[in-house]
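The values are calculated or read from the model by the stated rules, or taken from the named source; none is laboratory data. As the structure is a prediction and not an experimental result, all values here were calculated from the model. Quick reminder, even Gly has a Cβ in these numbers, built from the backbone with ideal geometry, and neighbours come from all protein chains shown.
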Amino acid sequence: MRRLSVIYKPGNMLVGTLLQSGRETLFEYDSNFIETGLNLSPYTLPLQRGIQKSAPRMRGGLHGLFDDSLPDGWGLLLMDRELRKRGHAGPYLPLDRLAYVGDTAMGALSYEPAESPEPDDELFDLRAMAQDAVKFYEGEIDQVLPALARAGCSPGGARPKVLVGINGQNHMVSGESDLPDGYDHWIIKFAAKNEIKNAGRREYVYYLMAQDSGLAMMESRLFDVDGVSYFGTRRFDRVGNKRIHMHTAGNLIDADFRQPSMSYLNLCKLTYS
C-alpha cells in the first residue's frame, strides 16, 4: 500500500492524499484545502469530503487530475528505463510513477515523498540531447545522458521532447525544476528519424499561421542543430518559476483521447460552461 501527499505549489498547500491499494487508487481532499474553494477538477473530482475513487477502466485507475501530471509515450519510455535502473522490476502502478515525477510535473501539482532525480543547473549541449533522444526513441541505445533523463520525463506527447531553461539564445540547463535567475522555461521538441527532416520548420509555420489568425500563442522559435531545426515554445504552465495549474480537456471530463469521443463542439461547450 502506497501513500502520496498532493501539494498545490502556489502557496505549498496540501491538496489531499492519494492511496494505492492493490490496483485501486483512492483520493481524499484535505479539509483545509476544501475551505479554500479552489476546485481543481470540478467535473470528476469535486471539492468535497470523503474518499473518491476513479473509474477503473481508464488511466490504470488513476484520477484524471493526477494523470495529467504523468507523461505520455516518450516520457514513459524514459521513466520506465530509470525505474528499471533503480531496481524496480515493475509492473509500475500509478503512484510509483507519480512519486518519480515528484516536484517536476507539468502544471501546479507535486507529489511527496518524491523519488525523482536530483535537479542541477549544469549547462548542457542541445546537440547531445537531440542525438540521445532520437537514438533512445528509436531503440538504438539503452543508456541516456543524465540531463536527458531529468529533462525528458515530464512532458506529455508521444514524440521526444525536453524541458529546458534558456538564458539568451544558447545557454541551456535542465528545466524540470525551478530555474536560476535570468533563465526562462521552454519545451523543445525533437523529430524522430521516420519523420520529415523539416518537421520543426513546418510546426513553426503553423505557429506563425495561428498568430496571423489572431490566436494567442506562447512565444515559439526554432533551434538549429547540425542542419536540423527543432521547434521550441515557452511553457504555458510557468510564469518565471511560478507554477500554473493545468488540466487537459480529456481528463477533465473523463474522455479517452485515444478514442474518437470528443468534437470541437464538445470543446466549445466545455470552455463556455
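Check off (1) out of contact with any Gly (no Cβ under 8 Å at 6 or more places or on another chain); (2) closer than 21 Å to A249 by Cβ; (3) modelled with pLDDT under 95 for L38 and give me the number that stays unchecked.
In the conditions (1) out of contact with any Gly (no Cβ under 8 Å at 6 or more places or on another chain); (2) closer than 21 Å to A249 by Cβ; (3) modelled with pLDDT under 95, L38 misses (3) alone.
Failed condition for R49, given (1) in contact (Cβ under 8 Å) with a residue 40 or more places away in the chain; (2) farther than 24 Å from D256 by Cβ; (3) of a type in the set (K, R), with all others met?
Evaluating R49 over (1) in contact (Cβ under 8 Å) with a residue 40 or more places away in the chain; (2) farther than 24 Å from D256 by Cβ; (3) of a type in the set (K, R) leaves (1) as the failure.
What's the total number of residues in segment 225-246 that are among the acidic types (D, E) and either touching a Gly at 6+ places or on another chain (Cβ under 9 Å) or within 21 Å of N39 (Cα to Cα) (or both)?
1
Any residue in segment 62-78 that is in a helix (DSSP H, G or I) sitting within a Cβ distance under 9 Å of a residue that is of a type in the set (D, E, K, R) and surrounded by fewer than 22 Cβ atoms within 10 Å (Cβ to Cβ)? List the pairs, counting only those 6 or more apart or interchain.
Final answer for the pair search is G64/D254; F66/R59; D67/R59; G73/R159; W74/R159.
Would you pick out the residues in segment 166-217 that are assigned to a loop (DSSP other than H, G, I, E, B), farther than 22 Å from K135 by Cβ and of a type in the set (A, V, I, L, M)?
L179, L215, A216, M217
Can you tell me which residue is surrounded by the most Cβ atoms within 10 Å (Cβ to Cβ) among those in segment 92-105 that are of a type outside the set (S, T, Y) and within 14 Å of T25 (Cβ to Cβ)?
L98
So, in segment 240-250, exactly how many residues are out of contact with any Pro (no Cβ under 9 Å at 6 or more places or on another chain) and farther than 24 Å from Y206 by Cα?
So the answer is 2.
So which residues in segment 129-173 are among the acidic types (D, E) and within 16 Å of V225 (Cα to Cα)?
D132
In segment 43-61, how many are part of a helix (DSSP H, G or I) and crowded, with 22+ Cβ neighbours inside 10 Å?
Total satisfying the criteria: 0.
Step by step: first the residues of segment 170-198, then only those that are of a type in the set (D, E) and touching a residue at least 60 places away in the same chain (Cβ under 8 Å), then the one that is nearest to P71 (Cα to Cα). Which residue is that?
In this case the residue turns out to be E176.
Just to be sure I understand the filter: pairs with C-beta atoms under 6 Å, separated by 6 or more residues or on different chains, first member in segment 199-217 and closer than 15 Å to R159 by Cβ, second member in a helix (DSSP H, G or I). Which pairs pass?
Partner pairs satisfying both residue conditions: none exist.
If a residue has to be loosely packed, with under 11 Cβ neighbours inside 10 Å and of a type in the set (S, T, N, Q) to count, how many in segment 205-227 make the cut?
Selection size over segment 205-227: 1.
So which residues in segment 174-202 are of a type in the set (V, I, T) and buried (at least 21 other Cβ atoms within 10 Å of the Cβ), if there are any at all?
Correct list: I187, I188.
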